[in-house]
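Presented below is the structure to which this report refers.
The values are calculated or read from the model by the stated rules, or taken from the named source; none is laboratory data. All values reported here derive from a predicted model rather than from experimental measurement. Cβ sites come from the backbone with ideal geometry, for glycine too, and all protein chains shown count toward neighbours.
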Amino acid sequence: MSLYRNAVFIAKGLREFGQSGHVKASKSFNTEDLNVDASAESYMITGANSGIGYSTALAIAKKGGTVHMVCRNKERGETAQKAIIDESQNMNVHLHLVDMLDTRRVFQFATEFVDEDKQLNVLVNNAGVMFGSLEFTEEGLEKNFVVNSLGTYVLTDTLIPLLSKNENPRVITVSSGGMYTMKLDLNNLQSRKGSFDGTFTYAHQKRQQVIMTEQWGKKYPNIHFYSMHPGWADTPSVRTSMPGFYKRFKNMLRTPDGGADTVVWLALSKAALDQANGQFYLDRKAQSLHLTFAATKSSEEEHQQLMTSLDEIAEQFKTTSST
C-alpha cells in the first residue's frame, strides 16, 4: 500500500467514517425509509451474534422479518438469538451453526437451505475475519481468503436460485473502506507472495468483495446487489483484530447500530431498490470505488478472471459432503 493511498484514506476516514461523519450524513436521511413492515420477508445474516451483524438482525427482527442467523459458535449464537427474541418479541429468529472457515460446510448448508425451498428475500454477507499471521486450512487455502472471499462467493452463488424466486431479492455484502487502499492482484489472491500483513490482506479481500458485487449485479439483474462500508465502528472484531487502530481512534468510532444503519436501509427500504445495481455504499449513498489518483483500478477482464478463479476454487468443495 502506497504512502499516498494511506494518507488520503486516513484523511477521508477522519472526515466521513467515524461517528461525526455518520451524524452529519444522517441529517439528510429520510426517516420514512425504514417505516416498513418486514413480516412477509425472510433475511439471512452471517456473523449475526455480535457487532454489525447483531445490530442488523435485531433491527430487522423489530420490523417483523423472519431472521436466519448464521453463526459459528453455538453458545454465543444462542445467547444472541435469545436476546434478539426478547427485545423484538419476534419468535421467527432462527439460528444456524456454520463455520465460514469450513467451505464444504458452507456449501452443504446453502444447498440444504435451497433444497428445503425455504423463503429467502435478502442475504447479508457480514461475517469476516482478520488473522494476523499467515495460516492455512487443511485444503491449503489462506484462512482470511477462505472466510472473506471464498465463503462470501460460495454462500451467495449457491443461494442465488432461491433468492431469484422472489420479487426484488437483495444481497448485501459488508465490505470495508479499507478496500480503497488496495488494487486487485490476481497473482496474489491468497497473500502468499511477499511479507504477510493481516490488515492489507483483509483490505485486499474487501476489494474482492466489491468486485464480486459488481459482477453479480451485471450477471443477475433481477437481484439487487450492494456492497457497503459500515464506517469505523466500535465492534468486538475491531477491538480484537485491530487493537492499534482501536486505541488510536476509539473516541471517534461509530456504535454498532451506526455501522449497521446502511445495511438495514439496503435490506429494508424501498428507496434502496431504486439504486443502480452493484454499487458500494456508505451512509445510505453510493460511493466512488476508488480514491483520486490512488491507482487502484483494474480491468473488466481482471474482474471476470476473479470470478472464474473463485468458481474454480469453490468447485472442489462441491463434490464431497462434510463429515
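Can you report the number of residues in region 217-260 which are among the aromatic types (F, W, Y) and touching a Ser or Thr at 6+ places or on another chain (Cβ under 6 Å)?
In the first step, residues of region 217-260 are kept if they are among the aromatic types (F, W, Y); the result is 220, 225-226, 232, 245-246, 249.
Checking the rest, the ones that are also touching a Ser or Thr at 6+ places or on another chain (Cβ under 6 Å) come to 225.
The qualifying residues number 1.
Just checking, how many residues over region 160-183 are surrounded by fewer than 21 Cβ atoms within 10 Å (Cβ to Cβ) and closer than 29 Å to F109 by Cα?
Looking only at that region, the number is 7.
Tell me the helices (runs of 4 or more DSSP H) entirely within region 238-323 that contain at least 2 residues that are at pLDDT 95 or above and under 18 Å from the mean Cα position of the chain (by Cα). Write out each step before concluding.
Numbers: elements: 243-249, 256-268, 300-315.
It comes to 256-268, 300-315.
Condition first: more than 22 Å from the chain's Cα centre (by Cα) and modelled with pLDDT under 95. Can you find one or more residues in region 33-55 that meet it? Let's see the steps before the verdict.
Narrowing region 33-55 to residues more than 22 Å from the chain's Cα centre (by Cα): 35-37, 39-40.
Now restrict to residues that are modelled with pLDDT under 95: none.
No: region 33-55 contains no residue that is more than 22 Å from the chain's Cα centre (by Cα) and modelled with pLDDT under 95.
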